[in-house]
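Here is the structure we will look at.
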Amino acid sequence: MPLAVELEGVSFGYRAGQHVLEDVDLGIDEGEFVAVAGPNGGGKTTLVRIVLGLERPTRGSALLFGEPAHRFSRRRVLGYLAQRSALGGDAPATVREVVSAGRLAAGGLLGPMRRRDRELVAEAIERVGLGDVADVPLRTLSGGMQQRGFIAKALAGQPALLVLDEPTTGVDAESQESLAALLDGLHTDLGVTILYVSHEFGAVERFVQRLVLVRRGVVFDGAPGDLPGLWHDPSHTHARH
Amino acid sequence: MLDTEFMRLAFGAGAVVGVLAPAVGFFLVQRRQSLIGDGIGHVAFAGVAAGILLDVSPVLTALVAAVVGGVAIELLRSRGVAAGDQALALVFYTGIALGVVLVSAAGALDVGLFQYLFGSILTITRTDVAVIATLGALGLGAIALLYRTLAGVAIDEEGAQVAGVPIGAVNVAIGALAAVTVALSMRVVGILLVAALMVLPVSAATRLAWSMRSTFMLSMAIGLGSALVGLTVSYYADAPPGGTIVLVAAGAFGLAALGRALAGR
């Protein structure tokens, strides 16, 4: 069975001579919960964009479920929470409207939403604990609740791979704990493959199966228990291969 | 007021444009492309000039030019040839410059142009109203069919792209809808004011609404109200209809902002 994510010898620069990523190898099995961390500017968001096929490596290969990521044919199985996710526009979109946007690709583009899609949206909202505020404008909620809303949006498409880029930015410590527990529940209950990317491992370190430390290249890839103490806060790491 | 046919026709055309312009403008505002209607309007001016020069219906040539301009802005922006505001500026200035050169070549650089620049709803004919109503209904039908997709992309374009939504086609569709709206609105409020009718009702509605859908519905209601009230005021005050409609929409925005400020106290 192909890996959910398979990067082999991936290098990338946004312009000639620039090396944002160099010779990165990373494989993620279906059903794994993996955290990727590293200092700001270390190439994490670029890694995410390559995994999702939004950028093509200048060298090496990036595969999603065995297919080249940039022309992956089953995109609706991807759930994505972008860095500093924020609502487009000024209209006060409710939690339900935002989560419904996550059902777009899977539910069809034309006409009103079908009943089954509405049920899946409601389920995703309940799963992240926002059932009581489903019809409240998302931007009026706390930072932690907003991130839960965006996770519900990603879940509404019933993803096989959930990619979260800096999901705890602007979220207080208590909400970070509850977000980490929520992700653990999704992983355990739904078997979703999760790629969690952040500048630090934080609360999620207790739940993941593997930690990957990226600083232009992969400088650590292993079980949380094997991570040297100095590197638990990767934003301050001086790690070398 | 409604005893005269020209006012009945004006109200008919105004009602269609009053609903359609904010319905399309709603999605442009959410995508932070409020000025795109203005850019397309300037390209439409080149179309009007070409129509005058070639002795073809200026509304028809404006429609063609507007669609080409709207799609060009979207393609330049989405393919990274130019940043969003630069793409707009490129098409915007090329359109107005081409329009001035063509209309000058046709020897028509005179007050006759005012009906296109500032609207001439009182000279609208039954045929004009039929065309506006037909294209308006098609535009509103397309929006009804695509509402969920346009709203979803406005909420999170990159997320939609990752999930496989054909963003390029969606963007071209919104560009084409904006172009049709500009061409239809040209006779009602004029090329220079059409963007106002696409944006001001939406800005007003945003200050009053409680959800995305209610913002959309309120935008159309405020647009319709602005067109009908503006026409009525212009009739009794003997003021230019296009400008009056837009001033009423601006007044609606002022009232909505005031209402929200008072509610928040």
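Numerical summary
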item	result
Top-ranked residue of the stretch B:221-239 - restricted to ones that are away from chain A (no Cβ under 14 Å), buried (at least 21 other Cβ atoms within 10 Å of the Cβ) and not polar (S, T, N, Q), ranked as farthest from B:Gln30 (Cα to Cα)	B:Leu231
Filter result for the condition that a residue is touching a residue at least 60 places away in the same chain (Cβ under 8 Å) and in a helix (DSSP H, G or I), over B:Leu218, B:Leu228	B:Leu228
In the stretch A:1-23, the residues that are under 16 Å from A:Pro68 (Cβ atoms), of a type in the set (A, V, I, L, M, F, W, C) and touching a residue at least 60 places away in the same chain (Cβ under 8 Å)	A:Leu3, A:Ala4, A:Val5
When residues of the stretch A:173-208 are limited to those that are of a type in the set (Ser, Thr, Tyr) and in contact (Cβ under 8 Å) with a residue 12 or more places away in the chain, the one surrounded by the fewest Cβ atoms within 10 Å (Cβ to Cβ)	A:Ser178
Of all residues in the stretch A:5-52 being over 16 Å from A:Val163 (Cβ atoms) and of a type in the set (Phe, Trp, Tyr), the one that is farthest from the other protein chains (Cβ to nearest Cβ)	A:Phe12
Residue identified as more than 14 Å from chain B (Cβ to nearest Cβ) and of a type in the set (A, V, I, L, M, F, W, C) among A:Val163, A:Val136, A:Val121, A:Val212	A:Val212
Yes/no for A:Arg56 being within 19 Å of A:Pro167 (Cα to Cα), surrounded by 15 or more Cβ atoms within 10 Å (Cβ to Cβ), more than 8 Å from chain B (Cβ to nearest Cβ) and at pLDDT 90 or above	no
Index of the failed condition, B:Thr149 passing every other in (1) surrounded by fewer than 20 Cβ atoms within 10 Å (Cβ to Cβ); (2) of a type in the set (S, T, N, Q); (3) modelled with pLDDT of 90 or more	(1)
Matching residues in the stretch A:139-150 - criterion: being away from chain B (no Cβ under 12 Å) and of a type outside the set (Lys, Arg)	A:Leu141, A:Ser142, A:Gly143, A:Gly144, A:Met145, A:Gln146, A:Gln147
Conditions (1) more than 14 Å from every other protein chain (Cβ to nearest Cβ); (2) more than 29 Å from B:Gly225 (Cβ to Cβ); (3) modelled with pLDDT under 90: number failed by B:Val48	(2)
Among the residues listed as B:Gly95, B:Gly112, the single one being part of a helix (DSSP H, G or I), on the phi < 0 side of the Ramachandran plot, of a type outside the set (Ser, Thr, Tyr) and in contact with a His (Cβ under 7 Å, 6 or more places away or on another chain)	B:Gly95
Residue match in the stretch A:106-126 (condition: surrounded by 20 or more Cβ atoms within 10 Å (Cβ to Cβ), touching a strand residue (DSSP E or B) at 6+ places or on another chain (Cβ under 7 Å) and of a type outside the set (A, V, I, L, M, F, W, C))	no
Residue match in the stretch B:207-220 (condition: under 22 Å from B:Arg31 (Cβ atoms), out of contact with any Gly (no Cβ under 9 Å at 6 or more places or on another chain), surrounded by fewer than 21 Cβ atoms within 10 Å (Cβ to Cβ) and charged (D, E, K, R))	yes
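The values are calculated or read from the model by the stated rules, or taken from the named source; none is laboratory data. Keep in mind the model is a prediction, meaning the values are calculated, not measured. Please note: Cβ atoms are built from the backbone with ideal geometry, for glycine as well, and neighbour counts cover all protein chains shown.
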